[in-house]
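The structure appears below as structure tokens.
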Amino acid sequence: MSHATVRIPAPLRPLVGGVSEITAPGETVEDVLVRLGADHAGFLERVLGPGGELRAFVNIYIDDRNVRSIDGLRSKVSDGDTIHIVPAVAGGRR
Amino acid sequence: MIARQRRLEELRRQVVEVDAVEAARLQQDGAVLIDVREPDEVAAGSPQGAERIVRGFLELRVEDSVPDLDKTLVVMCAGGARSLFAARDLQELGYTDVRSLKGGFNAWKGDGLPVQVPRVLNDAERERYGRHLLVPEVGEAGQIRLLESKVLMVGAGGLGSPAALYLAAAGVGTLALVDDDVVDRSNLQRQILHTDQRVGDPKVDSAKATLHALNPAIQVITHQARLTSDNIDALIAGYDVVVDGSDNFATRYLVNDACVKHGIANVHGSIFRFEGQVSLFWPAYEARRGPCYRCLFPQPPPPELAPSCAEAGVLGILPGVIGTLEAVETVKVLLGLGDPLVGRLLVYDALDQRFTELKVERNVECSICGDGASEIEYVDYGALCSSGVSA
Ligand SMILES: [Zn+2]
């Protein structure tokens, strides 16, 4: 079983106890996310839609590559990979 | 007198002289015409397309303009004497094909060849932008380019404050500000364009006062309005760069779609609490085809899932970092310098003090910039997240 380090973006940190990264096991990106979701209530639905699909306003990266350009949620995770969750953020003016 | 003439005779044996018509023909074929006269002479007119490098700095600066030593150079002064000395020095520097324009600028003008009166910096500008002039990548030509540039700032708030301040300081000649809001005391924790005394004033007016206090010579245009699908075309037309410092998805998607439509570089910055994102969405960038904002995020989140709507707050300094990075990208675009953030998203985490760079690929199926994209029609996302992130 591979272990990846997941970088938690600021909007989701309150759901995981405020930490900036978490290491979790999984063979695919989906495995890792589901594992985080099992440990942290409310986390998974911010990233995945009701049908389990990756939400349109969230991007997941393995290192610097968007999983949409690899194999989506089924993209394979290798030991030591860093997974970045990048949500759309509106703020700036006010 | 005799020594001078003897030396000029010697130089004529070492340097090929060409007449003005021949010089113009060589220039058309790719030769570089170098005007070595003094700034006050150049200010009255100089051959179109000439490189203008004052004689005193010629050897020090010529390689910045002409790195290829085998390029044909035609050196020019007012009457054709100084250019002989200069041409010989360029030969000794290593240039292999250096000619001198016989009769100089007088002959060029006399033959009716194209002349332009170049914009030159005045003494006040030379003093103000002196530290830019010392940077070879900016220099006088770059500074003039900045002075002739037009940048539209969307939002005069957290991100717009540092971005507009630095762009004004840098001498971006025209800054337009679009913001419908008024200054609130709670803005002052991060919106450094504004002051306590101006609480209640329109943000664009407050911003203009600060920017003009910093640099009175630039033009600041204010639009106290919210960007809509009806006004955006008129507002962004003619600008070189749009700096997105907005606080809501409706505006961000509108800015993106309009920038793609008009081929304008869209400098993107967004912030949440202690984390920011910066990128440059510019499908029209010549060096590589980049993505647009919709390639990364095809649709805005629904209000109930937009974290920026539900949760508020931002570390006051964070927009300082992100807005300043936006200003850096803007100046790079205006000067054509370096490697822009096209196709790259920079994520900044202030708590971990860490920058992460992620690739943003162009989506060939993008509804706005994709291969099959039809004519761009703006979407008004309306009240979506209009309460703002309170960033
Ligand atoms: Zn696109």
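The mean number of partner chain beta-carbon atoms within 10 angstrom of a residue's beta-carbon across peptide A:78-89 is 5.
Counting every Cα pair in region B:237-303, what percent are over 17 Å apart?
Value for region B:237-303 (Cα pairs over 17 Å): 39 percent.
Projecting the Cα atoms of B:Ala81, B:Ala350, B:Ala207 onto the charge dipole of the protein assembly as shown (Cβ charges, centred on the Cα centre) puts B:Ala81 farthest toward the positive pole. For region B:266-354, the alpha-carbon coordinates run over 39, 28, 19 Å along the three principal axes, in decreasing order.
Normalised Debye scattering of region B:99-222 at q = 0.19, 0.20 Å⁻¹ gives log10 I(q)/I(0) of -0.98, -1.03, counting only Cα atoms as equal scatterers and leaving out solvent. Legend: residues B:Tyr348, B:Tyr166, B:Tyr378, sorted from most to least accessible area (1.4 Å probe; ligands, DNA and RNA excluded), read B:Tyr166, B:Tyr378, B:Tyr348. Remark on A:Thr28: its backbone amide H falls under 5 Å from those of A:Val77, a criterion applied only to residues 5 or more positions apart or on other chains, H modelled at 1.01 Å from N.
The H on the amide N of B:Thr222, modeled in the peptide plane, is under 5 Å from the matching H of B:Leu177, each at least 5 residues off or on a different chain. For the protein assembly as shown, the fraction of 1.4 Å probe accessible surface lying on carbon and sulfur atoms is 50 percent.
Convex hull volume per residue, computed on the Cα atoms of region B:2-120, equals 100 Å³.
When DSSP assigns beta bridges and you keep just the ones with both residues in chain B, what percent turn out antiparallel, to the nearest 5?
Antiparallel: roughly 40 percent of the beta bridges in chain B.
The label-point distance for B:Glu10 and B:Asp70, in a model that sets each label 7 Å from Cα toward Cβ, rounds to 3.0 nm. Taken one residue at a time, the phi angles of region B:64-69 give Karplus couplings (6.51, -1.76, 1.60, θ = phi - 60°) of 5, 8, 10, x, 7, 5 Hz. Gly and Pro are set to x. Shielding by partners for peptide B:238-246, expressed as the average number of C-beta atoms from other protein chains within 10 Å of each residue's C-beta, is 1.
For the set B:Arg6, B:Arg88, solvent exposure ranked by accessible area (probe 1.4 Å, protein chains only) runs largest to smallest as B:Arg6, B:Arg88.
Straight Cα distances below 19 angstrom link A:Lys76 to the aspartates and glutamates A:Glu27, A:Glu30, A:Asp31, A:Glu53, A:Asp63, A:Asp64, with same-chain residues fewer than 8 positions distant left out. In chain B, the DSSP-assigned H stretches of four residues or longer account for a calculated mean residue ellipticity at 222 nm of -10000 deg cm²/dmol, using -39500 (n - 2.57) per stretch and the full residue count as denominator. With the charge dipole of region A:34-94 set up from +1 on Lys and Arg Cβ and -1 on Asp and Glu Cβ about the Cα centre, the Cα lying farthest toward the positive end among the listed residues A:Gly49, A:Val67, A:Val89 is that of A:Val89. Once the gyration tensor of the Cα atoms in the protein assembly as shown is diagonalised, the equivalent ellipsoid follows with semi-axes of 52, 26, 19 Å, ordered largest first.
Per residue, the accessible area of the protein assembly as shown comes to 43 Å², computed with a 1.4 Å probe over protein heavy atoms only. Restricting attention to the protein assembly as shown, close to 50% of DSSP beta bridges with both partner residues there are antiparallel. In the protein assembly as shown, with Lys and Arg counted as +1 and Asp and Glu as -1 at Cβ, which of these residues, B:His262, B:Gly160, B:Leu335, has the Cα nearest the positive end of the dipole, that is, farthest along it? Final value for the positive-end residue is B:Leu335.
The value obtained for region A:3-87, namely the Cα convex hull volume divided by the number of residues, is 81 Å³ per residue. Relative to the longest principal axis of the Cα atoms of chain A, the long axis of helix A:29-39 makes an angle of roughly 60 degrees.
The share of Cα pairs per 10 Å bin across region B:177-321, counted from zero up to the longest distance, runs 10, 35, 39, 15, 1 percent.
The interface between chain B and chain A buries about 3200 Å² of solvent-accessible area in total (1.4 Å probe, ligands and nucleic acids excluded). When the alpha carbon gyration tensor of region B:53-95 is reduced to an equivalent ellipsoid, the three semi-axes, largest first, read 16, 11, 9 Å. Evaluated with a Cβ-only charge set (Lys, Arg +1; Asp, Glu -1), chain B carries a dipole of roughly 1060 debye about its Cα centre, given to the nearest 20.
Cross-linked pairs B:Lys150/B:Lys359; B:Lys203/B:Lys359; B:Lys71/B:Lys261; B:Lys203/B:Lys332: Cα-Cα separations exceed 32 Å for B:Lys203/B:Lys359; B:Lys71/B:Lys261.
The Kirkwood radius of chain B, taken over pairs of alpha-carbon atoms, gives through the Stokes-Einstein law at 37 °C and 0.692 mPa s a diffusion coefficient of 140 µm² s⁻¹. Dividing the helix sum by the residues of chain A, where each DSSP H run of 4 or more adds -39500 (n - 2.57), gives a mean residue ellipticity at 222 nm of -4000 deg cm²/dmol. Annotation for region A:1-72 versus region B:200-219: alpha-carbon center distance of 44 Å.
Please check chain B for the longest run free of GluC sites (Glu not before Pro) that are loop-located per DSSP (anything but H, G, I, E, B) and have at most 11 other Cβ atoms within 10 Å.
In chain B, the maximal stretch lacking such sites is B:1-285.
The values are calculated or read from the model by the stated rules, or taken from the named source; none is laboratory data. Computed from a prediction, not measured in an experiment: that's the story for all the values here. A quick note on method: Cβ atoms are made from the backbone with ideal geometry, for glycine too, and the neighbour counts reach across all protein chains shown. Accessible surface is based on the protein model in full, side chains and every heavy atom, while ligands, DNA and RNA are left aside. Shrake-Rupley method; radii C 1.70, N 1.55, O 1.52, S 1.80 Å.
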